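Remarks on the structure that follows.
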Amino acid sequence: MNTIHPTAIVSSKAKLGNNIQISPYAIIEDDVEIGDDCEIGPHAVLYNGARVGNKVKIKQSASVANFPQDLKFGDEKTLFIIGDNTVVREFATLHRGTNETGKSQVGKNCLLMAYSHVPHDCTVGDNCIIANAVQMGGHVHIDDWVIIGGGTVVHQFVIIGEHAMIGGGIRIPQDVPPYILAADEPVKYAGLNVIGLKRRGFSAEDIGILKEVYNYLYDKSLNVTQARKKIEAKFSDHKYVKNLLSFLEKSKRGIVGK
């Protein structure tokens, strides 16, 4: 049974799951789908194209699937997708995709804190924490298990690798490789995200190998191509190193701190 406050405006065309709570003055437009056991806070707006998974909490005045801030957008039918068990805090703004990708997306078990912004054609993976007032440009891609500190600005088209942790109040103009800490202004490589990796079950051997790999990658006497050759020669069969090499292959903006 769903609980819908009488002041909420909920389209009869919206597809609602079971056990949903919709708070006062929330607005749910026609082309919206909400899964089971969700909470929609007061004054939250779910625009056409919102696709919300199960056990999602959307707090007060959050905006989901509003028009992208892209001058090329022509009101095409696109989506914003939120995965199961994700929490969207107050005043977060989540914009749907354009024709270029058709969607923006946030994965499962994420926390998007207050005033964070996920714009058009972005992908945020599973188990990510996007802190207060993080502002992204369009087409940003964030892999699983990433943490971004409050007030950080991420340039459009940037890629952030899995298990990376980024400090607060800084600019991210280039790609952030997986498994590292990125900090300071201008941003630089600040070592491995050792505490995070240990918490997620990385072995001491794996962490040791990644440290050695990143010593090559951030060796000032080597450019990225030279470092990759050394890494491939020594560790190409290691699963986490393979992920790093794949990341470097697809990086177009260069990596932070190099």
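From the list Ile27, Ile22, Ile34, exactly one residue is within 28 Å of His139 (Cα to Cα) and open to solvent by less than 30 Å² (accessible area, probe 1.4 Å). Which is it?
Values: Ile27 fails: open to solvent by less than 30 Å² (accessible area, probe 1.4 Å); Ile22 fails: within 28 Å of His139 (Cα to Cα).
Checking each option against the conditions leaves just Ile34.
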Picking from Val45, Val52, the residue that is crowded, with 17+ Cβ neighbours inside 10 Å and free of Cβ contacts under 8 Å to residues at least 24 places away in the same chain would be Val45
Lone qualifier among Val187, Val158, Val176, Val153 - being touching a residue at least 12 places away in the same chain (Cβ under 8 Å) and closer than 17 Å to Leu210 by Cα = Val176
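Conditions (1) closer than 17 Å to Gln135 by Cα; (2) not aromatic (Phe, Trp, Tyr), marked per residue:
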position	(1), (2)
His163	no, yes
Gly167	yes, yes
Val176	yes, yes
Tyr179	no, no
Arg199	no, yes
Glu205	no, yes
Asp219	no, yes
Leu222	no, yes
Gln226	no, yes
Within region 107-136, count every residue that is at negative phi, surrounded by fewer than 19 Cβ atoms within 10 Å (Cβ to Cβ), of a type in the set (S, T, N, Q) and part of a loop (DSSP other than H, G, I, E, B).
-> 1
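The values are calculated or read from the model by the stated rules, or taken from the named source; none is laboratory data. What you see is a predicted model, and the numbers here were worked out from it, not measured in a lab. Note: ideal-geometry Cβ built from the backbone for every residue, glycine included; neighbour counts use all protein chains shown. Heavy atoms of the whole protein, side chains included, go into the accessibility calculation; ligands, DNA and RNA do not. Shrake-Rupley method; radii C 1.70, N 1.55, O 1.52, S 1.80 Å.
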